[in-house]
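These notes are about the structure you will find just below.
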Amino acid sequence: MSSSSSSYSLDKINPKLLRRIYRACRPTNDEPNLALNLEICDYVNAKKGSAPRDAAIAVVKLISQRDPQTSELALALLDNLVKNCGYPFHLQILRKEFLNELVKRFPERPPMRYTRVHRLILAQIEEWYQTICRTSKYKDDFGYIKDMHRLLSNKGYVFPEVKVEDVAVLNPTDNLKSLEELQQEEAIVHSAKLQELIRRGRPQDLQEANKLMKIMAGFKDDNVKENRKQIKQDITRLTRKVEILGEMLTAIESQGGKIDDNSDQAIVELYSSVKSSQPIINKMLEEGNEENEEDVHKLLELNDQANKVIDKFQLLRGGNVAEASKIKTGSVSQELNLIDFDDEPEDVTASTEQGYTDLLSDLSNLTFADNGASSAPGPSGQVNPLNLYGAGGSISLGNNSGFGTPTQTPAPQLQQPTPTTRPNTTTSSSSNFDLLADLNSPSPQLQSNKALDPFGLLFPSSTPSRVSNNGATSGAPAASAGGYTKMIQVAQPGDVLKIEVGVQSSSPTSLSGKILFSNLQSSTVSNLTFLIAVPKSCKLELRPQTSDTIFGFNNHGIQQDFNIENPQSKLLKIKWKVEYKINGESKEDTGISVLE
């Protein structure tokens, strides 16, 4: 693939795979060919490598065709691929190029009546949003799907309600899995990510590929520890299921009843879960991978109780109440802590070292695309429309290629202010983990206001604020129209918050106005607390904040009135500290600034 993400030739796709996809999406087909669709899924799973990417590109190109029958059949195939090909295929649908191509035929404003293709696409995105974006072990990777969902919602598109039975396969099950199965699942995920990183081939991608290969080679055993911890949690849940099932069976037995088709569905589901976990328990006992004798003892007790409740269920279902009453079920172990009311301590080390799992989620540079850009023409000076990929239509996510984390400007180092330079400085005790920070790449130039609003939608002033103040130097920005005599930039710690002081009145001995907080990210900032200290010779009066939450790209979303009396007319230095949460992560920034 060339450096431009908007061009991809279908000639590069495996001919066998392409023929099958075309056959499944022929407009002459009256309905989806489920057998052929599943055959394509099996082919993708067997070939692995570039097969998931090739299938995703071929299918989404057919979806964006003008023939509605072809689009509907391709959407049915896409649904089968998502539900049967696992993470390697999910890694392709979360890419911006794929999502842009998927909504390529969507108009800028919702039509009065959706076409069937529109409804099916909205249903697909809603399914992904409600399942893999929320319940998947790798949900942090699906940031672009979440943002496409939010973008369409903001445009006025309404998503259909998702049926539970339609998306059950996309939600993870709580059935017990052996250590070998968990490691095999992670190996598939790592292999898919490694394939994508090597395909892109940029220096920073190769750096991440090197880290990933070390993990896959077993140089780091953090994943094994996490998997063992997960197995213990699964065993605890299964133990509770066995006990609940035993209690329910005892209640049925005491009433002289039996289990039939009209019985409580919860009993049947519990029985199915315990029954399916029994071979895994036996396998774990045979392998003997438990770390201590206590774990082996608990597993043996669990196995005995599981056998008892399974036998009792089968006897009651057959109407043999007398025989079922001879089987006594009880607690697996009084020493086993079934319900732990304390939160598990967060493994900070593991989450830091496994930062590669968040390769795909950073949306800090997400903007509306400049759709005037096109792919490079071929030798003939024209581009085959079938080869355009990821450029998007009226609605699209950004115009920077790739799925990785955008490069960011490194955070400034702490400096002590002097009377001559009077710098506004910040330090951050916790910053977003930047996989590519070692390269010290400069941030890309932000788009102009015109690029942010290519369709004349008259975005609120909060949206282009990042651009309008971008050209300001470290000095004071221009005064706003909010009744301020001047604006003083206190700090811009990283790419999340901008803190300004809007001066309403000032004199040599006093300063009053508002402290203004702006969110420069698409993610919501919550639980914001701002603390400020002034010299002992000064007196500070600080009013409560208007809120503690700032939504994405909201300019001056939080305001706080203040008044400082400076009787000695000295240089007014303030020391400040701000705490907040973003994307579930707590942040803390501090700094010293001069108000002048």
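The values are calculated or read from the model by the stated rules, or taken from the named source; none is laboratory data. Here the structure is a predicted model, which is why all the values come from computation and not from measurement. Cβ: placed from backbone, ideal geometry, glycine included. Neighbour counts: every protein chain shown.
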Worksheet item: What are the pairs, 6+ residues apart or on separate chains, where a residue within region 89-105 that is crowded, with 23+ Cβ neighbours inside 10 Å has its Cβ under 6 Å from a residue that is basic (K, R)?
Response: Q92/R53
Practice prompt. May I ask you to list the residues in region 538-561 that are buried (at least 20 other Cβ atoms within 10 Å of the Cβ) and in contact with a Gly (Cβ under 9 Å, 6 or more places away or on another chain)?
Written response: I550, H556
Discussion item. Given the condition in contact (Cβ under 8 Å) with a residue 60 or more places away in the chain, aliphatic (A, V, I, L, M) and within 30 Å of D147 (Cα to Cα), answer yes or no: does some residue in region 545-562 qualify?
Written reply: no
Item to complete: Look through L91, L102 and report the one residue that is of a type in the set (A, V, I, L, M) and farther than 27 Å from E185 by Cα.
Response: L102
Discussion item. Checking the structure you have, find out if any residue of region 77-87 is in contact (Cβ under 8 Å) with a residue 40 or more places away in the chain, among the hydrophobic types (A, V, I, L, M, F, W, C), in the same structural domain as R134 (by TED's automatic domain parsing) and part of a loop (DSSP other than H, G, I, E, B).
Written reply: yes
Worksheet entry | Whichever residue in region 72-88 is surrounded by fewer than 23 Cβ atoms within 10 Å (Cβ to Cβ) and among the small types (G, A, S) and, among such residues, is nearest to the chain's Cα centre (by Cα) | G86
Item to complete: Could you tell me whether region 42-61 includes any residue that is touching a strand residue (DSSP E or B) at 6+ places or on another chain (Cβ under 9 Å), at negative phi and in a helix (DSSP H, G or I)?
Response: yes
Item to complete: Considering only residues that are within 26 Å of the chain's Cα centre (by Cα) and among the β-branched types (V, I, T), look in region 562-596 and name the one that is surrounded by the most Cβ atoms within 10 Å (Cβ to Cβ).
Response: V578
Worksheet item: Across region 44-60, what is the total count of residues that are more than 14 Å from P15 (Cα to Cα), surrounded by 16 or more Cβ atoms within 10 Å (Cβ to Cβ) and out of contact with any helix residue (DSSP H, G or I) (no Cβ under 7 Å at 6 or more places or on another chain)?
Response: 1
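Conditions tested, residue by residue: (1) touching a helix residue (DSSP H, G or I) at 6+ places or on another chain (Cβ under 7 Å); (2) assigned by TED's automatic domain parsing to the domain that holds N100; (3) within 26 Å of P172 (Cα to Cα); (4) surrounded by 15 or more Cβ atoms within 10 Å (Cβ to Cβ).
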| position | (1), (2), (3), (4) |
| --- | --- |
| Y114 | no, yes, no, yes |
| L120 | yes, yes, yes, yes |
| A123 | no, yes, yes, yes |
| K139 | no, yes, yes, yes |
Worksheet item: Quick one: V169 ticks every box in (1) surrounded by 13 or more Cβ atoms within 10 Å (Cβ to Cβ); (2) farther than 20 Å from R53 by Cα; (3) in contact (Cβ under 8 Å) with a residue 40 or more places away in the chain; (4) of a type in the set (A, V, I, L, M, F, W, C) bar one, so which box is it?
Response: (1)
Worksheet, complete the sentence: Filtering helices (runs of 4 or more DSSP H) wholly in region 137-231 for at least 2 residues that are under 22 Å from N45 (Cβ atoms) gives 164-167, 179-200, 203-216
